[in-house]
Each structure stands twice: as structure tokens, then as C-alpha cells.
1. Within 22 Å of the chain's Cα centre (by Cα) and surrounded by 21 or more Cβ atoms within 10 Å (Cβ to Cβ) - does that describe any residue in region 157-168?
2. Could you say whether any residue in region 259-278 is at pLDDT below 95 and in contact with a strand residue (DSSP E or B) (Cβ under 7 Å, 6 or more places away or on another chain)?
3. Which one of the conditions (1) under 20 Å from residue 218 (Cα atoms); (2) out of contact with any helix residue (DSSP H, G or I) (no Cβ under 7 Å at 6 or more places or on another chain); (3) outside any helix (DSSP H, G or I) does residue 287 fail to meet, given that it meets all the rest?
4. What is the one condition in (1) closer than 16 Å to residue 234 by Cβ; (2) at pLDDT 95 or above that residue 189 does not satisfy?
5. Pick out, from region 68-141, the helices (runs of 4 or more DSSP H) lying fully within it that include 1 or more residues that are modelled with pLDDT of 95 or more.
6. What is the one condition in (1) in contact with a helix residue (DSSP H, G or I) (Cβ under 9 Å, 6 or more places away or on another chain); (2) closer than 29 Å to residue 53 by Cα; (3) in contact (Cβ under 8 Å) with a residue 40 or more places away in the chain; (4) surrounded by fewer than 16 Cβ atoms within 10 Å (Cβ to Cβ) that residue 140 does not satisfy?
7. Could you tell me whether residue 242 is without any contact (Cβ under 8 Å) to a residue 24 or more places away in the chain and outside any helix (DSSP H, G or I)?
8. Out of curiosity, is residue 204 surrounded by fewer than 22 Cβ atoms within 10 Å (Cβ to Cβ) and touching a helix residue (DSSP H, G or I) at 6+ places or on another chain (Cβ under 7 Å)?
């Protein structure tokens, strides 16, 4: 066997590179959602390599809190100390000042070796403990991991026993920071009393979301979360507030599902459609545009581009 393996030899026939680019571990999507929640201190059940990589990237994207993890090496795996180590990390996380939530993010190593949920505490001190299973061999993209994490939190924290908020809409899916404010302003003109944006920063929003009047998924990947809302008999708004026809239809659907004044809804929806129409007509486009994305929002933008010419 030669000491040096030439990597360029396979490409000498002029064919393009046969290597396939790899995205990073999809669990990063779950960590982005979890580290933003105030009062939440995540624990990762994984090996040292995954812990290092995911912690580095999570802090690169602005996480301002520690991610705790048990030391899981070959010795710990062989001796079956995953549960004991994870429980110790949970106890440490729960002692953080203001901690009210400890999500346990279980990755490939812990899932393969076995991490029984019934052997983890449900609560430590003032903190709820919630297991979030996102092994890369079963979860294939960041938005799917976000969906799994959010559904796990809602399943445990969603409060169905309080007073229903029939004129409240849940906006489901990450968008640009100013978008929820703009959407909320339009919805309030129609008679919507409040909006809840998920994933978000507030544990209270997770509890209140279960009592909202309807949910509007702005991304198609939140399937597990949407299924949970459907089990709660909550109506689901289709589409997204993007473009001329899309914005009008979305606002009309929200008004119908929340039982808002139809005349007021028609007035506001018509005004927004006219604004979008005027903006598109002021900047007509020609040609072809290649639209790429991975969370599904690219479909709405492609429709907007078609409307713009």
C-alpha cells in the first residue's frame, strides 16, 4: 500500500469533482433556537468532538451562555455512564442564576448508546428538564432540528388550561427581526389583539401559544410543531404574507380563521395589496433569477419575483 494517496488522480479524465459538500451537524438549528430563550441553559449529551464544534458555531452566532455537557469518551460509553453524566450536567445547569428551563440536546453518540427519557428528571429546582432528540443520522437539516426542538418545548410547556386568546395569532418560523413587527402592525389594523412569534426568547410565549386562536407557519418545515397545534384543534393559516396575491390571500385567511370583521379585513387586505402592487410596478424586472434556499421560504420569494416580472 503506498504511503501517499493521490487525491487528484480521479479527476484526470476531465470530469467534475466527485466530492459532495457537507453541511454542519443539523443539531445546530436546535441550539440556535434554545440558546436564545431567556432563562434557558442547554445541556448536550454528546462526545467531545461534537461538543466543541457545535459550541464554537453557536457562540459564533451570538449565544451568550454556556452549553454544559458530561464528559463522554470511550470509557464512559463502555461503562454505561451516559445517564449519570447527563444528570450531573443537568444539576449543574439548573443552578445557574435565573434558570427555568434545561433542554437536554441528545446527539448521535447518546442516541446510539441509549439515553432513556424516563431516567432523566422532569424538573430540577425551578427548572423544567426537556429532552430534545436531534441525532444527525435521523435529522437531515437545520430547520427540521429547529422544528423538533420547538415541538418538544411546546409539548411540555404549552398551557391549554388558561383563558383562550381567540384573537391572538402565532407566527411560526424565523424571519428577519423587523418582519414580525411589520406583520403585527398590519394584523392589529384588522382587529388582531396580539401575535406570538415562535421560536422566540420568552418561555411565557411557549405557554401562551397553546391558547392562541390560530397559528400561521411562515416556513413549511415546521411539520411536527404544526401537527401539535392541529392536535390542539387550532386552525392553521396557509401561505405567507409575501407578494401581491400572497399577502392579500394570507390576510383574508387570518381574518376568517380568527372571526374578525370581514369588512375591516377586506379593507386592510386591499390596502396592502395595493401597496405591494405599486411597489412592484415601480421597479419592474426582466430576465431570469436563480433562487436557492433550504428552509422553504425561497418558494415564496420565487413567486414574488414572478409577480415582479
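The values are calculated or read from the model by the stated rules, or taken from the named source; none is laboratory data. Model, not experiment: these values are computed from the prediction. Positions of Cβ are generated from backbone atoms using ideal geometry, with glycine treated the same way; all protein chains shown enter the neighbour counts.
1. Scanning region 157-168 turns up no residue that is within 22 Å of the chain's Cα centre (by Cα) and surrounded by 21 or more Cβ atoms within 10 Å (Cβ to Cβ).
2. no
3. Among (1) under 20 Å from residue 218 (Cα atoms); (2) out of contact with any helix residue (DSSP H, G or I) (no Cβ under 7 Å at 6 or more places or on another chain); (3) outside any helix (DSSP H, G or I), residue 287 violates only (1).
4. Result: residue 189 passes all but (1).
5. 82-94
6. Tallying (1) in contact with a helix residue (DSSP H, G or I) (Cβ under 9 Å, 6 or more places away or on another chain); (2) closer than 29 Å to residue 53 by Cα; (3) in contact (Cβ under 8 Å) with a residue 40 or more places away in the chain; (4) surrounded by fewer than 16 Cβ atoms within 10 Å (Cβ to Cβ), residue 140 fails exactly one: (1).
7. No, not satisfied.
8. In short, no.
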